[in-house]
Ligand code: 5GP
């Protein structure tokens, strides 16, 4: 399967679809997941057009992994979860639903169910509040 320019994350990168953006730099975009698995669920994507981890340049991947670690630290400080899940899925049988490479940072709390698939649309006001909360801590993380 080749890269499809019409996927939703490509549209977000082009500014054709809205997103609650946490941070943008020359090589990556960090934004809130629209149907979060928990409070603070954040996505990190490269700007490079790569459908999955098997099709990305090592330079872009290195940058995105570094950004994922920064976001994990910021989310940890912002939400104080018991655990932080970093997830990345490749191709539909592995659970991938959006075919532009992305890393999930998902705060987890002890005793909470982990509904990996079942999700509801989040309140826009809450998403913006969470984006702002993470932004605040990102400023202090190299
Ligand atoms: P995947 O299952 O491909 O690893 O994850 C795709 C993620 O993208 C899901 O967590 C889903 O909630 C999220 N998602 C799907 N459509 C949109 C959208 O339009 N905007 C945002 N911000 N997230 C989306």
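Since every read-out is calculated from the coordinates, none of them should be taken as a lab result. Not measured: the values here are computed from a predicted model. Note that each Cβ is placed from the backbone with ideal geometry, even for glycine, and that neighbours are counted across all protein chains shown.
Starting from the Cα of residue 92, step 7 Å toward the Cβ, then list every residue of the stretch 24-54 with an amide N under 18 Å from that point.
Counting only backbone N, you get 51-53.
Calculate how steeply helix 124-138 sits against the longest principal axis of the alpha-carbon atoms of the chain, using the helix alpha-carbon long axis, and give the answer as 0 to 90 degrees to the nearest 10.
The angle comes out at about 90 degrees.
Using a 10 Å cut-off on Cβ atoms, rank the peptides 84-95, 31-42, 12-23 from the highest mean neighbour count down. Don't jump to the answer; show the numbers that get you there.
Numbers: 84-95: 13.2, 31-42: 20.3, 12-23: 15.6.
Output ranking for 84-95, 31-42, 12-23: 31-42, 12-23, 84-95.
From the helices alone, meaning DSSP H stretches of at least four residues, give me the mean residue ellipticity at 222 nm for the chain, per-run term -39500 (n - 2.57), in deg cm²/dmol to the nearest 500.
-10000 deg cm²/dmol
At 0.36 nm per residue, minus the direct Cα-Cα distance, what do residue 139 and residue 2 gain on full extension? Give it in nm, one decimal, please.
That works out to 45.7 nm of additional length.
How high is the relative contact order of the stretch 3-95, in percent, counting Cα pairs under 8 Å that sit 6 or more residues apart?
20
Report D for the stretch 8-138 in µm² per second (integer): Stokes-Einstein, Kirkwood Rh on Cα pairs, 25 °C, 0.890 mPa s.
166
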